[in-house]
Amino acid sequence: MTLLTRLYPTLKPWLFRMDAERAHEWTTRMLRLSHALGMVQSVAPEAAQPVECLGLKFPNWLGLAAGMDKSASCVDAWGALGFGFVEVGTLTPRPQPGNPKPRLFRLPEHDALINRMGFNNPGIHAAVKRLEKRRTKAVVGVNIGKNFDTPNDAAVNDYLYGLKVAYPVADYIAVNISSPNTKGLRDLQAEEAIRTLLSALKTEQARLQKEHGKKVPMLVKIAPDLESMQIQALARVFNELAVDGVIATNTTISREAVAGHPVASETGGLSGLPVRQRSTEVLAEFRELIRPETVLIGVGGILSADDARAKRAAGAQLVQIYSGLIFRGLDLIREVAGA
Ligand SMILES: Cc1cc2nc3c(=O)[nH]c(=O)nc-3n(C[C@H](O)[C@H](O)[C@H](O)COP(=O)(O)O)c2cc1C
């Protein structure tokens, strides 16, 4: 068992007294340092099964969800900890600071977080430079988005730019159209908007495949706040355009499950336990509607191996965690990677 696994339960009360974003910065800095000193060992069980899909070999089915390593600054360390894959980003063409702080809030009574980070990131070029030097065997996905000041009718240019710049270093690309913290972003999930966006991206993907002599699969990350009609429309477009995979889901704007909590009225996306059920339902709806060869990644509210198994039962080949890592620590990696 690594030192970090043993330390987290001791550090957690102290970290939870700290501002949430500062605690995040501190822990990632410690992780990077520990890895540089050769002190990070995998907590994934040896028996964890590799998964082959999307033309890639995942050492195991557990991934780190987007947003934890927005700048691709610790990819090797996450891989060393035992993640089978790491999704970096969201990355935008130009660097941007994100929303004013505070913008990340804990709801420990609900095993939940609310964030309105707003795609704070160093820009796609800086991340790609780091990824060129990576050594990890973990699969690396690059999650792309648009700058906050790019209007929706020009959003396609930002995504095309991200795809092109990330293509040489990414194992897969995640197209993020579901963050609630960039104004209008989720409107790109409307049927005609997503058809236009994805048609352009698929054409570019085919061109890049020829140029680089390799196919980098493209997945779309969707919101949990979709009605059945919207899910059907999205599935129609994904099938039509043969999208390689779907990541279900991002955070929710619903506050039903946390009503009355002191920070429930903070603007942003809610993640963790309160989004678990809805994320799994959306996943299951997509599985029903989508071509069988489309890969599904289940994310949202995984706090135990059983939660991850429920995603598998709903049709996911791979799963990701974010909030669970904050509340459960590295034990969750061990449990889920081997589930
Ligand atoms: C602080 C924070 C930042 C996030 N940033 C991103 C992001 O930049 N891009 C993205 O696609 N998802 C982002 N997410 C969403 C997560 O990747 C994940 O989809 C969501 O939190 C649900 O999973 P969870 O319940 O395990 O946290 C973020 C989540 C949190 C809590």
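The values are calculated or read from the model by the stated rules, or taken from the named source; none is laboratory data. Quantities reported herein were computed from a predicted structural model and do not represent experimental measurements. Cβ atoms come from the backbone with ideal geometry, glycine included; neighbour counts cover every protein chain shown. When the accessible area is computed, the model is the full protein with side chains, heavy atoms only, and any ligands, DNA or RNA have been set aside. Shrake-Rupley method; radii C 1.70, N 1.55, O 1.52, S 1.80 Å.
Assorted remarks:
- Accessible area per residue, Å², the chain with all protein chains present, probe 1.4 Å: 42
- Accessible carbon and sulfur surface of region 1-80 relative to its total accessible area, %, 1.4 Å: 56
- Here region 182-339 exposes an accessible surface that is 51 percent carbon and sulfur, computed with a 1.4 Å probe and the other protein chains kept in place.
- Amide H to amide H distances under 5 Å link VAL295 with GLY245, VAL246, where only residues 5 or more positions off or on other chains count and H is placed in the peptide plane.
- Region 3-337, relative contact order in percent, only Cα pairs under 8 angstrom and at least six apart counted: 18
- Derived scalar couplings ³J(HN,Hα) [region 103-115; Karplus, 6.51 cos²θ - 1.76 cosθ + 1.60; whole Hz; x for Gly, Pro]: 9, 9, 9, 9, 10, x, 4, 10, 6, 9, 10, 10, 9
- Cut-off 12 Å between beta-carbons: net charge of the residues surrounding ILE302, Lys and Arg +1, Asp and Glu -1: +1
- Counting all C-alpha pairs of the chain, share separated by more than 28 Å (%): 35
- Relative contact order for region 1-134, counting Cα pairs under 8 Å that sit 6 or more residues apart, in percent: 21
- Listed residues GLY184, GLY268, GLY67, most fluctuating in the chain (Gaussian network, C-alpha, under 10 Å): GLY184
- Close amide-amide hydrogen proximity is noted between THR90 and GLY67, each under 5 Å apart and 5 or more residues distant or on a separate chain (H modeled in the peptide plane; Pro and chain starts excluded).
- Greater than 24 Å apart at Cα, pairs in LYS12/LYS137; LYS129/LYS164; LYS57/LYS215; LYS70/LYS137; LYS221/LYS311; LYS70/LYS221: LYS12/LYS137
- Just checking the listed ones, PRO262, PRO97, PRO45: in the Gaussian network model of the chain with Cα springs under 10 Å, the one fluctuating most is PRO262.
- Phi-based couplings in Hz for region 227-237 (Karplus 6.51, -1.76, 1.60; Gly and Pro marked x): 6, 4, 4, 5, 5, 4, 5, 4, 4, 4, 5
- Magnitude of the charge dipole, region 1-147, Cβ model with Lys/Arg +1 and Asp/Glu -1, debye to 20: 500
- 3J(HN,Hα) from dihedral phi, region 182-195, Karplus parametrisation 6.51/-1.76/1.60, rounded to Hz, x for glycine, proline: 10, 3, x, 4, 6, 5, 5, 7, 5, 3, 5, 4, 6, 5
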